[in-house]
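**Q** Before I ask anything, here is the structure I am working with.
Please treat every number below as a calculation from the coordinates, not as lab data. Here the structure is a predicted model, which is why all the values come from computation and not from measurement. Neighbour counts are summed over all protein chains in view; Cβ atoms, including those assigned to glycine, are modelled from backbone coordinates with ideal geometry.
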Amino acid sequence: MGEVFIFDHPLMKHKLTLLRDKDTGPKEFRELTNELAMLMAYEVTRDIPLEEVEIETPLTSTKSPRIAGKKIGVVPILRAGLGMLDGILQLMPAARVGHVGLYRDPDTLEPVEYYCKLPPDTENRDLLVIDPMLATGGSATAAIDAVKSRGVRSLKFMCLVAAPEGIERVREDHEDIDIYTAAVDDHLDDHAYIVPGLGDAGDRLYGTK
Ligand code: PRP
Ligand code: URA
């Protein structure tokens, strides 16, 4: 059974407060989203398997650990998930990147898939699906479906703000997945926006509203 990890690091809490503030403009919103994603990815990758390799330092030969096997793959859900990507790539520049394009139909609130391109060898990689917002959970579930259907070794989902409804949905549909979030908010409003939330993450990242 997957677990839900809610981060409580003071730096993450502070940055999330700035992100929620309605007066935070797109430039700062983008910076904060990437910073938060980087801090979270640092924690999320704690269990990456290592292997001992023999190396030569300038003084001697020694055994030292390095990441074993294929590097991690990161899969942003377009478009708001892209806002977290650069922060993670700063930490793991060799990560492969897949993309799942989904938007939430404003009437039905159901996710509509319009794009999916993943690294060719996902079955040999640990993948991290990223999206700032987990609201009804429809988009996350659909993205995880899309990734799983192509074969994957292991999968985690990371968001900045989750609603209890979204967590429940992902756990129902994908009970094997670990969910990582910086906050679990109170509820969804009538338009399935997270309350208190931070508004529409995509619009705030890209200044489209
Ligand atoms: C937002 C967000 C998630 C989704 C969450 O994307 O980035 O992908 O909504 O809602 P859900 O859990 O109810 O599915 P949106 O559909 O607004 O698209 P965008 O990223 O292109 O702005
Ligand atoms: N998508 C967002 O960007 N924000 C929400 O609160 C819910 C869905």
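**Q** Would you mind calculating the relative contact order of the chain from Cα pairs under 8 angstrom and at least 6 residues apart, reporting the percent as a whole number? All intermediate terms of the calculation are to be shown ahead of the outcome.
**A** Values: 402 pairs, mean separation 48.2, N = 209.
Relative contact order comes out at 23 percent.
**Q** As a footprinting exposure proxy, order Tyr103, Tyr115 by other Cβ within 10 Å, with the fewest listed first.
**A** Listing Tyr103, Tyr115 from fewest to most nearby Cβ atoms yields Tyr115, Tyr103.
**Q** Any chance you could list the semi-axes, whole Å, largest first, of the equivalent ellipsoid that the Cα gyration tensor gives for region 19-70, using √(5λ)?
**A** Largest first, region 19-70 gives 39, 13, 7 Å.
**Q** Return Phe29, Phe157 ranked ascending by Cβ neighbour count within 10 Å, so the fewest neighbours appear first.
**A** By the 10 Å Cβ count, ascending, the order reads Phe29, Phe157.
**Q** While we're on this one: Determine the sum of side-chain charges near Ile130: Lys and Arg each +1, Asp and Glu each -1, restricted to other residues whose C-beta is under 15 angstrom from that of Ile130. Mind showing how you got there, number by number?
**A** Numbers: positive: Arg30, Arg79, Arg96, Arg125, Lys156; negative: Glu35, Glu43, Asp86, Asp126, Asp131, Asp178.
Surrounding charge for Ile130 is -1.
**Q** Check Tyr180: other-chain or 5+ apart residues with amide H under 5 Å from its amide H, H built from backbone geometry?
**A** Phe5, Phe157, Met158, Cys159
**Q** Using Cα springs under 10 Å in a Gaussian network model of the chain, which residue among Leu198, Leu59, Leu39 shows the largest mean-square fluctuation?
**A** In the Gaussian network model the winner is Leu59.
**Q** Can you tell which of Ser64, Met84, Pro164 lies farthest toward the positive end of the dipole of the chain, using +1 and -1 charges on the Cβ of basic and acidic side chains (Lys, Arg; Asp, Glu)?
**A** Result: Ser64.
**Q** Per residue of region 69-80, in order, report the coupling 6.51 cos²θ - 1.76 cosθ + 1.60 (Karplus, θ = phi - 60°) as ³J(HN,Hα) in whole Hz, putting x for Gly and Pro.
**A** These are the phi-based 3J(HN,Hα) values: x, 5, 5, 5, x, 10, 10, x, 8, 5, 9, 5 Hz.
**Q** Sticking with this one: Return the sequence-ordered ³J(HN,Hα) values of region 123-136 in whole Hz as given by the Karplus equation 6.51 cos²θ - 1.76 cosθ + 1.60 applied to θ = phi - 60°, using x for Gly and Pro.
**A** Ordered by residue, 3J(HN,Hα) equals 5, 9, 10, 8, 10, 10, 8, 10, 7, x, 10, 10, 9, 6 Hz.
**Q** Once you have the Cα-Cα distance between Ala68 and Asp47, take 0.36 nm times their residue separation minus that, and quote the gain in nm to one decimal.
**A** 6.4 nm
**Q** What stretch of the chain, leaving out the sites themselves, is the longest with no GluC sites (Glu not before Pro) in a DSSP loop having at most 16 other Cβ atoms within 10 Å? Spell out each step's value before the answer.
**A** Working: sites that count: Glu3, Glu175.
Excluding the exposed sites themselves, the longest stretch runs over 4-174.
**Q** Here's a follow-up. Through the Karplus equation 6.51 cos²θ - 1.76 cosθ + 1.60, θ set to phi - 60°, convert the phi angles of region 26-41 into ³J(HN,Hα) values in whole Hz; use x for Gly and Pro.
**A** Running phi through 6.51 cos²θ - 1.76 cosθ + 1.60 with θ = phi - 60° gives x, 4, 5, 4, 5, 4, 5, 4, 5, 5, 4, 4, 5, 4, 5, 4 Hz.
**Q** Please work out the C-alpha center-to-center distance from region 99-114 to region 163-184 and express it in whole Å.
**A** 18 Å
**Q** In degrees from 0 to 90, rounded to the nearest 10, what is the angle of the helix 10-20 Cα long axis to the longest principal axis of the chain?
**A** Rounded to the nearest ten degrees, it is 40.
**Q** Which value, in Å³ per residue, describes the convex hull spanned by the Cα atoms of region 143-209?
**A** For region 143-209, the hull spanned by Cα atoms encloses 114 Å³ per residue.
**Q** Continuing with this model, one more query. In 5 Å bins starting at 0, how do the alpha-carbon pair distances of the chain split up by percent?
**A** 1, 7, 16, 19, 21, 15, 9, 5, 3, 2, 1, 0, 0, 0
**Q** For a quick size check, give me the Cα extents of region 54-150 along its three principal axes, largest first, whole Å.
**A** Extents along the principal axes: 66, 25, 18 Å.
**Q** Filter Lys13/Lys63; Lys15/Lys70; Lys70/Lys148; Lys148/Lys209; Lys27/Lys148; Lys22/Lys148 down to the pairs with a C-alpha to C-alpha distance above 28 Å, please.
**A** Values: Lys13/Lys63 38 Å; Lys15/Lys70 32 Å; Lys70/Lys148 18 Å; Lys148/Lys209 33 Å; Lys27/Lys148 34 Å; Lys22/Lys148 36 Å.
Distance filter (> 28 Å) returns Lys13/Lys63; Lys15/Lys70; Lys148/Lys209; Lys27/Lys148; Lys22/Lys148.
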